[in-house]
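Below is one structure, written out as structure tokens; the observations come after it.
The values are calculated or read from the model by the stated rules, or taken from the named source; none is laboratory data. Since the model is a prediction, treat every value here as computed from it, not as a measurement. Here the Cβ positions follow ideal geometry from the backbone for every residue, glycine too, while neighbour counts run over all protein chains shown. Protein only, heavy atoms only, side chains kept; ligands, DNA and RNA dropped before computing areas. Shrake-Rupley method; radii C 1.70, N 1.55, O 1.52, S 1.80 Å.
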Amino acid sequence: MIRLEISKWVRIDVNKDGMITQADLTAITTSPFYTQSTYCREACGTIDVNRDGYVRLDDANVVVQSVGFS
């Protein structure tokens, strides 16, 4: 398990707990918006990491690539 503590909020800290962990990935993949083709710009909130208005694998990949989860 990788845990990255941060002192300032960044977009990949999806759940805003001050750490980048598996919980951030889980928040994305368990979202009701995940993999839907519905545009959810404002409703997506922090789980739309790449700010494209959708919650998809791309958002999870941003977290994975930023922290180095395997």
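Annotations for the structure displayed:
- Among the candidates Thr21, Thr30, residue that is modelled with pLDDT of 85 or more and either open to solvent by 80 Å² or more (accessible area, probe 1.4 Å) or more than 13 Å from the chain's Cα centre (by Cα) (or both): Thr30
- Hits in the range 36-51 - residues which are of a type outside the set (D, E, K, R) and closer than 24 Å to Gly68 by Cβ: Thr46, Ile47, Val49, Asn50
- Of residues in the range 33-43 being among the hydroxyl-bearing types (Ser, Thr, Tyr) and in a loop (DSSP other than H, G, I, E, B), the one surrounded by the fewest Cβ atoms within 10 Å (Cβ to Cβ): Ser37
- Qualifying residues in the range 44-70 (those that are open to solvent by 70 Å² or more (accessible area, probe 1.4 Å) and part of a loop (DSSP other than H, G, I, E, B)) - the one nearest to Val14 (Cα to Cα): Arg51
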